[in-house]
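Just below is one structure, and these are the notes that go with it.
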Amino acid sequence: MSGIRTSILSLAALLQMAGATSVLAASSEADFKAAFAAAEAANKEAGALRNQWTVTAAALAGAKKAAEKGDFDLATAQSKEAEALAKASIYQATSEKQAWKALEIR
Amino acid sequence: MASTIRVRATASGETTEVQALIQHPMDSGFVKDAKGEIIPPHFIRELTFEYDGKSVFVADWGAAVSKDPYVKFSFKGGKKGEDLKISWVDNQGQSDTTTAKIQ
Amino acid sequence: MNVRSAIHVASAAVFSATLALATLALTATPPATAADTIDPVADAKAFQKYFTTKFPKLKLEDFVNGPYSMDEGMHRQWEEKEQFPPYEFSLDMGKELFAKPFKNGKSFADCFANGGIGIRQNYPYFDEKEGKVVTLELALNRCREANGEAPFSYVKDEMAALTAYMAFTSRGKPFDIKIPNDPRALAAYQNGKQYFYTRRGQLNFSCATCHVQSPGERIRAEVLAPALGLLNAMPIYRSEWSGMGTISRRFTTCNSQIRGVPLEPQADEYRDLEYYLSYVSNGLPISGPGARP
Amino acid sequence: MMACAPLEILMTITDNGFSATRRLILQGVAAVALVGPGNLGFGLAPAFAAANDKYPEDAFKAKGDADAIKALYGKAAEPSDKVKLDAPEIAENGAVVPISVSTTLADVTSISFLVSENPNALAASYRIPAGTMPSVANRLKMAKTSNVIAIVEAGGKLYSATKEVKVTVGGCGG
């Protein structure tokens, strides 16, 4: 059982970290492009693990829309959030490789 | 195409019990489709049951009747093998009618 | 969980006492060994025992009525609907579609054993040539493609109507899912089981979170169905969809409800999941098509 | 009523809509039968009696239940335990709520169902000719938790029964 608790704590920590970084200085288009590419890459990896989240796709779409309107602060922030969500879904997929057995009826 | 009206009319003693299920979207006009456009109201307004040339039951329906609407009632009289005529009209002028045998 | 698996081990008549003692010691740590040996027969027994102990008043076949066996108020509403069930039209459409010949003159009856009548309880089966699980929905579309017809959508009316009719012809027959003596079949079964217990989506739920840990409880208006007998009533007319839903539709919408991106219908994971879920419900009667909230 | 995966439920509005062939049989829909003799003796208020043949247009357009009842019958109803209203405590789904009513009152000429919180309260109204039993079952849509009111017009007077039905969406949030 203890395995479960640590995995949930680190999952939460991951998301916390994402929230903090979005407050930094104004972002330029380059910042946005980098953040967006990183988020897409992470989400692609989650896809390979057959474990993407719908909210990641929503955050990516939001980021793209904000960028199209030229609001790169928002676009970068949302890209970072998308990346964090994608990373969380990757973490979930890998940790569940073993964790699922805890719930199994035997 | 089969009729849109499914009926079960069973005579027992001197009353006949009637159940009807009708294939109809009964759109209320408050729902949006996938593209976000309002689906226009499209619902049955009047449903009539006639036995021996006489109306035994008339339903006046609004938009709050469920999709593929169902109704159950019973009336005195009605013998096995006799006809029960059912017809409906909706707010877009469409209609359908069928005749069912009382079991 | 540790207490339950200890009892399970003790009741296995075959194991000698010493072995039981050894595994008892192991249960403190995650039971790595027990989970690695794939034993579908023992799984099915434990699975059914879990639910019959959790709901002692229910007979085995009651589990196929899902939420309606869990709540009296829901049961009454179900009885009312069953007097003239909303899936009646889909059933008639399915019967018509099933008999309609393809352009080449053949029809679905030519693709299935016994003309497709009364065989739903054998699906899904493990196809040893292909080395994969074949579900009823997949077999229907393959039949169409083999006869030069375009496949139907797995989540829309025609597929629901066809599976409704085939289920109807099998009503009352117990699920009879076989796992042939083929390591790939065992692997497919295990893969389906793993999917069933794996947490996914931002809500971090697995199928088991709802259908094993909390059947009978409510998520807002809905009462959760037990996992035992979960597919026996498929396909279902859901009031929520005010329309028919196939197994593919149910799997994909469940995924998106917990904010996981659904896989494409009839993906291997879904086919294996259906294989596992049907196998552990062996013996329970087919009751499809069903009406659900 | 937004279901768990809002987009999903909206996707179900299939494009073929209502595809049965439409047999346009324009018959005299108006019921030919005269209203039962029992009713005539009560100095019918012609404009309002629901037993007349016209579809109660304005009653279905009325918003609140009181206005709808007024538009339909022209008088108020008094609660009566002789009107037995059967509705679930918690609806399994707002789209299909099984509701039925039966009564021991005599000379029933009309039965109606209202859902107070729906955009238009009047859901269905049934004309009961003489010889038809005063009992109806149907399936109605409810936008949200609301009082369901059954009205029975018997011997020219109105009787009612009310029950609250809880309605919410299903599923886990989507």
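The values are calculated or read from the model by the stated rules, or taken from the named source; none is laboratory data. The structure presented is a predicted model; accordingly, all values stated were derived computationally and were not measured. Note: ideal-geometry Cβ built from the backbone for every residue, glycine included; neighbour counts use all protein chains shown. SASA here: full protein model, heavy atoms, side chains in, ligands and nucleic acids out. Shrake-Rupley method; radii C 1.70, N 1.55, O 1.52, S 1.80 Å.
Here are the numbers for this structure:
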read-out	value
Considering residues of region B:8-22 that are within 12 Å of the chain's Cα centre (by Cα) and crowded, with 21+ Cβ neighbours inside 10 Å only, the residue farthest from residue D:131 (Cα to Cα)	B:22
Boolean, residue D:124 is touching a Ser or Thr at 6+ places or on another chain (Cβ under 9 Å), crowded, with 18+ Cβ neighbours inside 10 Å and within 7 Å of another protein chain (Cβ to nearest Cβ)	yes
From the options D:102, D:112, residue that is modelled with pLDDT of 95 or more, within 28 Å of residue B:4 (Cα to Cα), at the interface with chain B (Cβ under 9 Å from one of its Cβ atoms) and not in a loop (DSSP other than H, G, I, E, B)	D:112
Top-ranked residue in region B:64-78 [being open to solvent by less than 10 Å² (accessible area, probe 1.4 Å), of a type outside the set (Val, Ile, Thr) and not in a loop (DSSP other than H, G, I, E, B); ranked as nearest to residue D:133 (Cα to Cα)]	B:75
Within region B:79-103, considering residues that are open to solvent by less than 20 Å² (accessible area, probe 1.4 Å) and in contact with a Phe, Trp or Tyr (Cβ under 9 Å, 6 or more places away or on another chain), the one farthest from the other protein chains (Cβ to nearest Cβ)	B:102
Some residue of region D:13-23 being modelled with pLDDT of 95 or more and within 14 Å of chain B (Cβ to nearest Cβ)	no
Residues being at the interface with chain A (Cβ under 9 Å from one of its Cβ atoms) and open to solvent by 40 Å² or more (accessible area, probe 1.4 Å) - total across region C:248-261	2
Residue list for region D:138-174, restricted to those being of a type in the set (Val, Ile, Thr) and part of a strand (DSSP E or B)	D:148, D:149, D:151, D:152, D:162, D:165
Residue D:97 open to solvent by less than 10 Å² (accessible area, probe 1.4 Å), in contact (Cβ under 8 Å) with a residue 40 or more places away in the chain and either of a type in the set (Phe, Trp, Tyr) or more than 7 Å from every other protein chain (Cβ to nearest Cβ) (or both)	yes
Members of region B:44-63 that are on the phi < 0 side of the Ramachandran plot and open to solvent by 30 Å² or more (accessible area, probe 1.4 Å)	B:45, B:50, B:54
Condition met for residue C:164 (in contact with a helix residue (DSSP H, G or I) (Cβ under 8 Å, 6 or more places away or on another chain), farther than 17 Å from residue C:271 by Cα, among the small types (Gly, Ala, Ser) and buried (at least 18 other Cβ atoms within 10 Å of the Cβ))	yes
Among the residues listed as D:151, D:90, the single one being under 22 Å from residue C:222 (Cβ atoms) and in contact with a helix residue (DSSP H, G or I) (Cβ under 8 Å, 6 or more places away or on another chain)	D:90
Number of positions in region B:45-68 that are of a type outside the set (Gly, Ala, Ser) and farther than 17 Å from residue D:111 by Cα	6
Given (1) closer than 19 Å to residue C:232 by Cβ; (2) in a helix (DSSP H, G or I); (3) of a type outside the set (A, V, I, L, M); (4) in contact (Cβ under 8 Å) with a residue 12 or more places away in the chain, number of the condition residue C:85 does not satisfy	(2)
Members of region A:38-68 found to be within 13 Å of chain C (Cβ to nearest Cβ) and touching a residue at least 12 places away in the same chain (Cβ under 8 Å), listed by number	A:43, A:46, A:49, A:50, A:51, A:52, A:53, A:55, A:56, A:57, A:59, A:60
Selection from region A:48-57 of residues that are closer than 15 Å to residue A:91 by Cβ and assigned to a helix (DSSP H, G or I)	A:48, A:55, A:56
Some residue of region B:56-77 being facing chain D (nearest Cβ under 7 Å) and in contact with a helix residue (DSSP H, G or I) (Cβ under 6 Å, 6 or more places away or on another chain)	yes
Restricting region C:47-92 to residues that are among the basic types (Lys, Arg) and over 19 Å from the mean Cα position of the chain (by Cα), the residue that is farthest from the other protein chains (Cβ to nearest Cβ)	C:57
Selection count where residues are under 17 Å from residue B:92 (Cβ atoms), within 9 Å of chain D (Cβ to nearest Cβ) and part of a strand (DSSP E or B), scope region B:1-37	1
Filter result (of a type outside the set (D, E, K, R) and surrounded by fewer than 18 Cβ atoms within 10 Å (Cβ to Cβ)) within region C:140-160	C:146, C:147, C:148, C:150, C:151, C:153
Positions within region C:237-255 being part of a helix (DSSP H, G or I) and in contact (Cβ under 8 Å) with a residue 40 or more places away in the chain, in sequence order	C:247, C:248, C:249, C:252, C:254, C:255
Of all residues in region C:167-198 being open to solvent by less than 20 Å² (accessible area, probe 1.4 Å) and among the hydrophobic types (A, V, I, L, M, F, W, C), the one that is nearest to residue C:255 (Cα to Cα)	C:196
Scope region C:83-139; condition acidic (Asp, Glu) and surrounded by fewer than 22 Cβ atoms within 10 Å (Cβ to Cβ); matching residues	C:88, C:92, C:96, C:110, C:127, C:128, C:130
Every pair of residues 6+ apart whose Cβ atoms lie under 6 Å, when the first sits in region C:151-172 and is within 17 Å of residue C:249 (Cα to Cα) while the second is among the small types (Gly, Ala, Ser) and part of a loop (DSSP other than H, G, I, E, B)	C:167/C:288
Residue tally, condition within 14 Å of another protein chain (Cβ to nearest Cβ), out of contact with any Leu (no Cβ under 6 Å at 6 or more places or on another chain) and surrounded by 23 or more Cβ atoms within 10 Å (Cβ to Cβ), over region D:71-86	1
Residues that are within 14 Å of another protein chain (Cβ to nearest Cβ), over 24 Å from residue C:65 (Cα atoms) and part of a helix (DSSP H, G or I), drawn from region C:93-119	C:96, C:97, C:99
Region D:147-162: number of residues that are closer than 17 Å to residue B:62 by Cα and in contact with a Ser or Thr (Cβ under 6 Å, 6 or more places away or on another chain)	2
